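*Asks:* Below are the structure tokens for one structure; questions will follow.
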Amino acid sequence: MTTMTIDSNPIDPIRWCDGSLELLDQRVLPERHELLPVTSANDAAKAIGDMVVRGAPAIGIAAAYGVVLEAQRSTGADWHDQLKEAIEHLGASRPTAVNLFWALSRMSAVIDEHRHELHPPVTALLEMAGSIHARDRSDNLTLGRLGSELIARHGRCSVMTHCNTGALATGGHGTALGVIRSAWAKGLITRVHVNETRPWLQGARLTAWELQQEEIPAVLSVDSAASLLMARGEIGWLIVGADRIAANGDVANKIGTYALAVQARHHGVKVMVVAPVSTFDLSLESGAAIPIETRDARELTHQGERAVAPEGIEVFNPVFDITPAALIDVIVCEHGVIETPERGSIARLLA
Ligand code: MRU
């Protein structure tokens, strides 16, 4: 069995070593650093659904390794059906991030290619999962370079980011946070304003922690402080990631991104969306067709074990929203930069 060890990286949320998968449990960060062993596709699907691993590219990578785990366990002539069932189960774990389906369709193609063989193609599947992982990391570095060049063009400034789009959410480095990291390394950023990102607190728990690891100056605020900061002229760019980008440039991202883009337009703050090509879904005409995940009411009604809302209250907890393309100044992907994104410019760059 091929051994694939992930390159050393200070923040490594997905670790494959000697045929096993471990995930850094993002539910308990930054308080505790716990690695969760994952031994089957079912385990991987549960870990994705429960947010042990989260962030669009990281979900796709974890699911790909989940298929490898299942291939290692599969026996008998019906291995092909077993793996297809595992892929279906993994695909049901979270609905919005298209990177999950992008990664699973690559794994599915490998399965189909080997369907006439007696045993599951473990080595070929591991190679595909490893290449999805490695490619995401190297694409992130390209995103970092392209995004930081845009910041350089407009001048040194402080920036705002939402949710967590860093090494924890990707194969390494990050998308929006990768741009911020790269720009910081070039002396282009004075400080990073981190929104706490209600209700799961990806900003407070994960982004603030990642920035602290690298001693990048970061200020944490409640999400609703964004307009005040923008009105004071303290934000040069709003830089966010994406979970799915439709053919017309509408962007699904963490709940609150739409409101931030409206506020940014009002205050003349530029909006940069940073995402790999695997986040585009050109089969969808517009953001209206993107499925929006809603999660457990308890995320709003409780802080840990403590109730912070009356029992029985009806709760609306969508965890993504759609930012219309018209509110986005630029989308950065590894193929290049799309200014004032619209259907034609996106199709041309991705062709
Ligand atoms: O619910 P999450 O934490 O998976 O949501 C993550 C986001 O919304 C990120 O902004 C997006 O996945 C891009 S991650 C590089």
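*Asks:* Among (1) among the small types (Gly, Ala, Ser); (2) open to solvent by 10 Å² or more (accessible area, probe 1.4 Å); (3) within 13 Å of the ligand (Cβ to nearest atom), which single condition is Ser138 missing?
*Replies:* (3)
*Asks:* Being outside any strand (DSSP E or B), basic (Lys, Arg) and open to solvent by 20 Å² or more (accessible area, probe 1.4 Å), is that true of even one residue in segment 205-219?
*Replies:* Yes, the conditions are met somewhere in segment 205-219.
*Asks:* Let me ask something else. One residue is enough: does segment 239-252 have a residue meeting the conditions aliphatic (A, V, I, L, M), at negative phi, free of Cβ contacts under 8 Å to residues at least 40 places away in the same chain and open to solvent by less than 20 Å² (accessible area, probe 1.4 Å)?
*Replies:* no
*Asks:* Within the set of pairs 6 or more residues apart or between chains, which connect a residue that is open to solvent by 60 Å² or more (accessible area, probe 1.4 Å) inside segment 262-277 to a residue that is within 13 Å of the ligand (Cβ to nearest atom) with Cβ atoms less than 9 Å apart?
*Replies:* Val262/Thr323
*Asks:* Taking Arg232 as the residue in question, decide whether it is farther than 26 Å from Pro318 by Cβ and either charged (D, E, K, R) or more than 12 Å from the ligand (Cβ to nearest atom) (or both).
*Replies:* Yes; evaluated as a whole, the condition is true for this residue.
*Asks:* So which of Gly172, Gly144 is assigned to a helix (DSSP H, G or I), in contact with a Lys or Arg (Cβ under 8 Å, 6 or more places away or on another chain) and more than 10 Å from the ligand (Cβ to nearest atom)?
*Replies:* Working: Gly172 fails: assigned to a helix (DSSP H, G or I).
Being assigned to a helix (DSSP H, G or I), in contact with a Lys or Arg (Cβ under 8 Å, 6 or more places away or on another chain) and more than 10 Å from the ligand (Cβ to nearest atom) holds for just one of Gly172, Gly144, which is Gly144.
*Asks:* Based on this model, can you work out whether Ile346 counts as under 10 Å from Gly249 (Cα atoms) and touching a residue at least 40 places away in the same chain (Cβ under 8 Å)?
*Replies:* Details: under 10 Å from Gly249 (Cα atoms): yes; touching a residue at least 40 places away in the same chain (Cβ under 8 Å): yes.
Against the criterion (under 10 Å from Gly249 (Cα atoms) and touching a residue at least 40 places away in the same chain (Cβ under 8 Å)), Ile346 qualifies.
*Asks:* Keeping to segment 175-194, report how many residues are open to solvent by less than 10 Å² (accessible area, probe 1.4 Å), away from the ligand (no atom under 11 Å from the Cβ) and of a type outside the set (A, V, I, L, M).
*Replies:* So the answer is 1.
*Asks:* Which pairs have Cβ atoms under 8 Å, sit 6 or more apart or on different chains, and link a residue in segment 306-335 that is under 30 Å from Leu349 (Cα atoms) to one that is open to solvent by 30 Å² or more (accessible area, probe 1.4 Å) and assigned to a strand (DSSP E or B)?
*Replies:* The qualifying pairs are Val319/Thr294; Asp329/Lys270; Asp329/Glu339; Val330/Lys270; Val330/Val337; Val330/Glu339; Ile331/Val337.
*Asks:* Looking only at residues in segment 80-107 that are of a type in the set (Gly, Ala, Ser) and under 22 Å from Ala289 (Cβ atoms), which one is farthest from the ligand (Cβ to nearest atom)?
*Replies:* Across segment 80-107, the extreme among qualifying residues is Ser105.
*Asks:* For Ser158, only one of the following conditions fails: (1) surrounded by 22 or more Cβ atoms within 10 Å (Cβ to Cβ); (2) assigned to a strand (DSSP E or B); (3) in contact with a Lys or Arg (Cβ under 7 Å, 6 or more places away or on another chain). What is its number?
*Replies:* (1)
*Asks:* Would you call Thr323 open to solvent by 50 Å² or more (accessible area, probe 1.4 Å) and within 12 Å of the ligand (Cβ to nearest atom)?
*Replies:* It is false that Thr323 is open to solvent by 50 Å² or more (accessible area, probe 1.4 Å) and within 12 Å of the ligand (Cβ to nearest atom).
*Asks:* Has segment 112-133 got at least one residue that is buried (at least 17 other Cβ atoms within 10 Å of the Cβ) and of a type in the set (S, T, N, Q)?
*Replies:* No, that holds for no residue.
*Asks:* Output the number of residues of segment 13-58 satisfying the condition of being under 15 Å from Thr170 (Cβ atoms), open to solvent by 10 Å² or more (accessible area, probe 1.4 Å) and assigned to a helix (DSSP H, G or I).
*Replies:* Residues that pass the stated criteria total 1.
*Asks:* Sticking with this structure for a sec: Pick from Glu311, Glu234: which is of a type in the set (Asp, Glu) and more than 30 Å from Gly172 (Cβ to Cβ)?
*Replies:* Going through Glu311, Glu234 in turn, the sole match is Glu311.
*Asks:* Against the definition (of a type outside the set (Lys, Arg) and not in a loop (DSSP other than H, G, I, E, B)), how does Thr197 come out, yes or no?
*Replies:* No, not satisfied.
*Asks:* Continuing with the same structure: Scan segment 196-218 for residues that are of a type in the set (A, V, I, L, M) and under 25 Å from Leu300 (Cβ atoms) and jot them down.
*Replies:* Leu201, Ala204, Leu206, Ala208 - these are the residues of segment 196-218 that are of a type in the set (A, V, I, L, M) and under 25 Å from Leu300 (Cβ atoms).
The values are calculated or read from the model by the stated rules, or taken from the named source; none is laboratory data. As the structure is a prediction and not an experimental result, all values here were calculated from the model. Neighbour counts are summed over all protein chains in view; Cβ atoms, including those assigned to glycine, are modelled from backbone coordinates with ideal geometry. SASA here: full protein model, heavy atoms, side chains in, ligands and nucleic acids out. Shrake-Rupley method; radii C 1.70, N 1.55, O 1.52, S 1.80 Å.
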